[in-house]
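See below for the structure under consideration.
Here, each number is a calculation from the coordinates, and none is a lab measurement. From a predicted model like this one, the values you see are computed outputs, not experimental measurements. Virtual Cβ from ideal backbone geometry, glycine too; neighbours counted across all protein chains shown.
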């Protein structure tokens, strides 16, 4: 069995707002699907948190490394891609694209063996995971309405962030957190994401420490990206004084980057993004590192349905991980796979049990959000 081709198609037309300084528009492409084809006709799917143009350019480099290789060896092929692109962009578009290819290779291995990826990763510790609804901070009435509707749908965990947080004044920040806590009730999980990886993030340690004190009064489960993503010393200092857990890592890539932050004691919770950090092969290594350093692992997932499925399999295969991020209101999650991701009566998501990723694309929705995609053309 050999890899014959890798194709890519960006999703457009329904890109949700991200709260970024340079706000996303509906037709902006920040999520790209990849399809790895084989000579046996089996096709694996992956997702990349990057633009279509960058992914296709990276595939010009990565394709020759992969074509002709046995797709049933996802970890080995991923390491070949990392090792042979050392001078061409460690951690950038190359690594992001490797992430999607790696997910697709695990999907192929699962299809060939008839096993779900979570079993192939070493075994399923759980058959369900708890999704936390990821919600953009807006004016208090809008935020309260959004959170109330999500709670009514069955979500029991929530993360609010970006938008106005840290971008107006302290009173506005506290009003958003107070509004959220009141909307979801005292028992629901509430996390707050400052969005410190935004362009020209202005705040440093003193602001973050003061904000962490405020958040502790509202029983916030973790404070995410309070600082610029490369401010390792700032995270170390913040973790020492904060009463609540400090999290980060969504823009870090490759286990080598995570090792520096974890060994320095920068995070209580580490949050790699499987669709840009190196794929399932690399996220699994980060999870093992986190366990060794006594750090909790919760994957970041501003995502697609393919990325969410990958995260569900990942946390299922880890003994101490049970939370996945669910970007609410995104057609790229809710529409592009058949059946979507329904919550059960406990507010959990089932980990797919079918071979590989265990999800099937809705081809009508795919055609709507990736016109003329050509992912499966013979």
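Region 252-331 and region 212-234 have Cα centres spaced 18 Å apart. Compared with the dominant Cα axis of the chain, that is its longest principal axis, helix 279-292 is turned about 50°. Protection proxy ranking, highest mean first, for peptides 147-154, 100-107: 100-107, 147-154, where packing is the per-residue count of other beta-carbon atoms within 10 Å, averaged. Nearest 10 degrees is fine. How inclined is helix 52-66 to the longest principal axis of the chain, computing both from alpha carbons? The angle comes out at about 50 degrees.
Between residue 218 and residue 27, the modelled label-to-label distance comes to 3.7 nm, taking each label 7 Å out from Cα in the direction of the beta carbon. Taking 0.36 nm per residue of sequence separation and removing the Cα-Cα distance, the residue 40/residue 57 pair yields an extension gain of 3.5 nm. Relative contact order, whole percent, for region 146-294 stands at 17, derived from Cα pairs under 8 Å and 6 or more residues apart.
Calculated from DSSP H runs of 4 or more alone, at -39500 (n - 2.57) each and per residue, what is the 222 nm mean residue ellipticity of the chain, nearest 500?
Helices in the chain give a 222 nm mean residue ellipticity of -12000 deg cm²/dmol.
DSSP beta bridges confined to the chain are antiparallel in about 40 percent of cases.
Using only Cα atoms, tell me the angle between helix 254-263 and the longest principal axis of the chain; keep it within 0 to 90° and round to the nearest 10. Roughly 30 degrees between the two axes. Taking Cα centroids, how far is region 362-378 from region 1-68 in Å? Cα centres, region 362-378 to region 1-68: 13 Å.
The listed peptides 365-376, 109-120, ordered by packing as a protection proxy, come out as 109-120, 365-376 (highest mean of other Cβ atoms within 10 Å first). Considering only alpha-carbon pairs that sit under 8 angstrom and 6 or more positions apart, the relative contact order computed for region 1-109 is 31 percent. Only Cα pairs under 8 Å and 6+ residues apart enter the sum, and on that basis the relative contact order of the chain stands at 20 percent. Model label points for residue 178 and residue 80, set 7 angstrom from Cα along the Cα-to-Cβ axis, are 5.9 nm apart. Among 13-20, 70-77, 300-307, sorting by the average number of other beta carbon atoms lying within 10 angstrom of each residue, highest first, gives 300-307, 70-77, 13-20. Does region 84-170 come out rounded, prolate or oblate by the C-alpha gyration tensor, with a ≥ b ≥ c the root eigenvalues, rounded set by a/c under 1.5 and, if not, prolate when a/b is larger than b/c and oblate if not? In terms of gyration-tensor shape, oblate. Judged by the gyration tensor of its Cα atoms, with axes a ≥ b ≥ c, region 1-148 is oblate; a/c meets the 1.5 cut and b/c is at least as large as a/b.
Judged by the gyration tensor of its Cα atoms, with axes a ≥ b ≥ c, region 191-332 is prolate; a/c meets the 1.5 cut and a/b is the larger of a/b and b/c.
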